[in-house]
Amino acid sequence: MNKTRRYTDIDREIVKKIILVVLVFLAVTGCAKTDKEINPSDGDGTLIDFESLREENEDIFAWIYAPGTGINGPLLQNSDGDDEFYKSHNVAKEPDPNGCYYIESANMKDMCDFNEVVHGVPTAELGRFLDRSYFESHQYIQVYMDGNSLIYYIMAAYTRDNSRLLEQYDFSYASGCQQFIDEIYSGRSMNKNIRSGWETGLEPGHFLLTLTSDDSDKQTVVIGCLVGDAAGKIDRVIDWEDQE
């Protein structure tokens, strides 16, 4: 096994520019607008009142926000391990065909997995990223946690067969991570956008966030790579052994 750095460099100058742009954006806009009171914390970059959110629903562990898009709301994981629950229930745990943003129990809430797969994003919202102009003008996904804020740079969007990513690939092994990286870089999808400068370079040591749709025979995915970790908490051990 081998310990990773929090995120491996693809291009240090690009990363610096991304973080600077996003920090300026946050300073100007005050982050995501919600119906909750937003209280800036003592310098860790988190602007969401998680105490109030958890009073509403203890399954809320983060807030996901993609500037300039309709992606903006609490991120949940069902405490009973029911990965289907929030597909058909809203944040208030009421039946709702639109569901809400959630991760499966196979993903960790500390966001330290190789690939955190977020469900519940409307297909139409993700489909916009298949348009090259929209893709170029929307570059960031921000995840706010209690005590940390993360920045992901959107580097790919495409359609794929509607299979469950966490079942198809074993991300606990470097080899499973590499298989998904190979899928991202493969040319088999006609509807695929790759960010200029990111056509190569992803490694099992990176940390990805994948937004995915679930309501059609094809699956749209939007993939971001971690480039900002305000509290320096994102890390993991990589198993470089071959899968049996």
Worksheet item: Which of the peptides 109-118, 218-227 is most tightly packed, and how do the rest follow, judged by the mean count of other Cβ atoms within 10 Å per residue?
Response: 218-227, 109-118
Item to complete: First check a/c for the stretch 46-89, with a ≥ b ≥ c the square roots of the eigenvalues of its C-alpha gyration tensor; if it is under 1.5, answer rounded, and if not, answer prolate when a/b is larger than b/c or oblate otherwise.
Response: oblate
Practice prompt. Arrange the following residues from fewest to most other Cβ atoms within 10 Å of their Cβ: Met108, Met145, Met155.
Written response: Met108, Met145, Met155
Fill in: Taking Leu202, Leu150, Leu165 and counting other C-beta atoms within 10 Å, the order from fewest to most
Leu165, Leu202, Leu150
Worksheet entry | Sequence-separation-based contact order of the stretch 169-234, relative, with Cα cut under 8 Å and 6+ spacing, percent | 23 percent
Practice prompt. Step through the table entries Lys192/Lys218; Lys87/Lys109; Lys87/Lys233; Lys87/Lys218, compare each Cα-Cα distance with 22 Å, and write down the pairs that go over it.
Written response: Lys87/Lys233
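Laboratory data are not the source of any read-out in this text; all were calculated from the coordinates shown. The shown structure was predicted, so the numbers you read here are calculated from the model rather than taken from an experiment. So basically every Cβ, Gly included, is an ideal-geometry build from the backbone, and we count neighbours across all protein chains shown.
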